[in-house]
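Bear in mind these aren't lab numbers, they're just calculated from the coordinates by the rules spelled out. If you're wondering where the values come from, they're calculated on a predicted model, not measured in any experiment. Cβ: placed from backbone, ideal geometry, glycine included. Neighbour counts: every protein chain shown.
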Amino acid sequence: MIQIPLIFEQHKQGCRGFTYGPLDVPAAKSLDSKYCRAADARIPCLSELSVVRHYTNLSRLNFSVDTNFYPLGSCTMKYNPKFTERVAALEGFAQLHPLLPQLAGGGMLAQGSLEVLYETEKLLCEITGMDAFTLQPLAGAHGELTGVMLIAAYHKDKGSRRKYIIVPDSSHGTNPSSAAIAGYQVKVIPTGSDGYMDLEAYKKALDSEVAAVMLTCPDTLGIFNPQIKQIADLAHAAGALMYYDGANLNALLGKARPGDLGFDVVHINLHKTFATPHGGGGPGAGPVGVNKELIEFLPISRVIRRSDATFALDYNHPKSIGYIAPFYGNFGVILKAYAYILALGKEGLIQAAEIAVLNANYCQARLKKYYELPFEKTCMHECVFSASRQVKNGVHALDIAKYLIDQGYHPPTIYFPLIVKEALMIEPTETESKETLDAFIETMIRIAGLAEKEPSAVTASPVHMPIKRLDEVRAARQPDLRWKFQE
Ligand SMILES: *Cc1c(COP(=O)(O)O)cnc(C)c1O
């Protein structure tokens with residue numbers, strides 16, 4: 001693997017990217033010296049070709065769904081069809097200014113975009129079985145915070161003071177943190193040996209001070225909880241609301257709807273299930289759906305369809321929790337989801353869910369001879385193994401991940417969910433072919449073999465990457481992120 005020097009290290013005094021011919025017009029008056037810097041900016045001098053090569057080579061170090069298989073569990077790194085990018089780049093959408101005066105009044109220039117927002121909300125309602133959506137939240141965790149704020153507004157409006165939110169110990173870390181940021185205390189329920197939330201512990205924790213129960217379903221073990229209806233009924237009987245973490249909706253599309261399962265509030269990650277891949281800190285969208293009881297608390301603005309079939313923004317919601325994000329959310333991400341849903345249609349979404357679940361079960365079935373499967377059940381969109389067998393020979397989940405990087409794979413999610421020791425959480429998604437899955441599975445089987453016979457081959461990896469093993473603690477505690485100019 002080539003080592004690429006920093007662009008600063010390639011600086012060569014006098015080098016130029018482009019040279020102009022001699023001036024054939026009068027020189028412009030130079031800037032007043034008070035506007036000029038005292039010394040030249042220390043911008044590296046390079047030829048244009050060196051700059052092009054530098055950044056092209058850097059870009060080739062990027063790992064992405066476009067280059068390699070990316071089975072990062074819970075993140076749904078499925079292929080993002082390129083037509084959605086083209087739709088999002090259409091000038092009429094991409095060039096629309098969010099402060100366009102006509103927008104609030106629903107003028108003609110913004111009608112198309114308002115209609116996209118309106119229709120996306122309706123499509124998400126249909127997919128999830130909810131009554132209304134806000135598209136504003138900018139990420140899954142942001143959607144959770146919005147959802148919990150809606151729950152708080154609901155209880156406050158009823159004059160009921162509630163202090164707690166229940167989450168299972170298998171939950172994504174954002175669940176308890178969103179609950180805490182919204183001002184709640186968190187009660188954590190353990191997972192039973194069957195992989196489901198412990199029902200007895202849940203019943204004990206549930207009382208009139210519980211505001212909501214936050215569940216992920218299928219949960220982070222990739223298992224669908226068949227007791228979900230009972231859990232919801234118990235919560236409702238205690239006056240609590242049911243919150244659905246729908247970050248990963250891939251297993252449910254067209255199969256089951258959170259609204260029908262008894263959930264009152266739902267967030268979904270458009271940047272997992274609906275075209276935009278998760279990760280990299282890029283833009284996301286975490287729309288929140290609610291049932292009728294909570295509509296009046298949704299963030300403003302709301303897009304409405306007027307009797308003359310035009311669309312407008314509506315701010316007249318006195319009980320609204322207010323703005324949760326500037327303007328209308330990450331419009332480009334919403335637009336891509338809209339295009340994606342329309343292109344796949346009902347049958348396509350159902351097929352996506354079926355193949356996602358089939359692919360995960362295929363990986364689970366072929367690998368369970370080689371890796372410990374802590375909860376042996378038909379999985380949904382992802383399967384969770386443990387590297388506990390390999391650990392006996394000193395090979396940890398982290399080592400397996402590093403070895404996979406050397407082999408051109410993005411590792412599965414490791415050490416999550418927290419309740420599985422040495423977790424390896426594999427989410428293949430529906431966009432991968434059987435050939436790709438087979439090649440990955442063969443690599444995983446090879447690693448299991450190496451762990452038996454030659455563990456050092458795994459623990460020494462990566463050997464082909466420009467960056468080898470880091471001292472992760474030192475990297476976090478004493479990060480060295482800045483290049484300093486050598487005087
Ligand atoms: C990804 C994820 C989240 C958080 O979504 P972000 O967009 O990363 O904030 C929440 N819950 C689950 C189960 C997730 O997989």
* Kirkwood-Stokes translational diffusion coefficient of segment 62-199, alpha-carbon pairs, 10 °C, 1.306 mPa s, µm²/s -> 84 µm²/s
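Grab the eigenvalues of the alpha-carbon gyration tensor for the chain, scale each by 5, take roots, and send me the semi-axes largest first in whole angstrom.
Numbers: eigenvalues 331, 255, 94 Å².
So the three semi-axes of the chain are 41, 36, 22 Å.
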* Asked: Can you list, largest first and rounded to whole Å, the semi-axes you get for segment 83-343 by taking the square root of 5 times each eigenvalue of its Cα gyration tensor?
  -> 33, 20, 15
* To do: Calculate the spin-label point distance for Arg16 paired with Glu126, positioning each point 7 Å from the Cα along the beta-carbon direction, and give it in nanometres.
  => 6.1 nm
* **Isolated Cys residues of the chain, judged by Cβ distance under 4.7 Å to other cysteines** => Cys36, Cys75, Cys125, Cys217, Cys363
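For the chain, list the DSSP H helices whose alpha carbon atoms reach 15 Å or more along the long axis and whose average Kyte-Doolittle value is -0.5 or above? Could the numbers behind the result be given before it?
Details: long enough: 48-59 (17 Å, -0.19); 111-128 (25 Å, 0.06); 140-157 (25 Å, 0.17); 331-367 (40 Å, 0.82); 434-453 (28 Å, 0.15).
Qualifying helices: 48-59, 111-128, 140-157, 331-367, 434-453.
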* Asked: For labels at Asp194 and Lys392 in the simple 7 Å Cα→Cβ model, what's the distance in nm?
  -> 2.9 nm
* Take Thr56, Thr443 and order them by how many other Cβ atoms sit within 10 Å, fewest up front. => Thr56, Thr443
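Tell me, what is the FRET efficiency for Glu296 and Ser177 to the nearest 0.05, using R0 = 25 angstrom and their Cβ-Cβ distance as r?
On the way: r = 27 Å, r/R0 = 1.07.
Calculated transfer efficiency: 0.40.
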* Cα→Cβ-extended label distance, 7 Å offset, between Ile43 and Leu58, nm -> 1.5 nm
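If you stretched the chain out fully between Asp207 and Phe83, how much longer would it get, using 0.36 nm times the residue separation minus the C-alpha to C-alpha distance?
Values: separation 124, 0.36 × 124 = 44.64 nm, distance 4.95 nm.
Fully extending the segment from Asp207 to Phe83 adds 39.7 nm.
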* Asked: When every alpha-carbon pair in segment 1-138 is counted, what percent end up more than 25 Å apart?
  -> 65 percent
* Structure fact -> Ranked from fewest to most other Cβ atoms within 10 Å of their own Cβ, Asp406, Asp308 fall in the order Asp308, Asp406
* Structure fact -> Quick calc of log₁₀ I(q)/I(0), segment 352-474, Debye, one scatterer on every Cα, no solvent, q values 0.11, 0.22 1/Å, result -0.35, -1.34
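Once the piece of chain linking Asn316 and His464 is laid out straight, how much longer is it, given 0.36 nm per residue of separation minus the C-alpha distance between them?
Details: separation 148, 0.36 × 148 = 53.28 nm, distance 5.91 nm.
Going from the current span to full extension adds 47.4 nm.
Where does each of Cys217, Cys383, Cys45 land when they are ranked from fewest to most other beta-carbon atoms within 10 angstrom?
Working: Cys217 21, Cys383 31, Cys45 14.
The fewest-first ordering by Cβ neighbours comes to Cys45, Cys217, Cys383.
Using mean Cβ contacts within 10 Å as the protection proxy, how do 232-241, 253-262, 314-323 order, highest first?
On the way: 232-241: 17.9, 253-262: 19.4, 314-323: 12.4.
Descending packing order for the listed peptides: 253-262, 232-241, 314-323.
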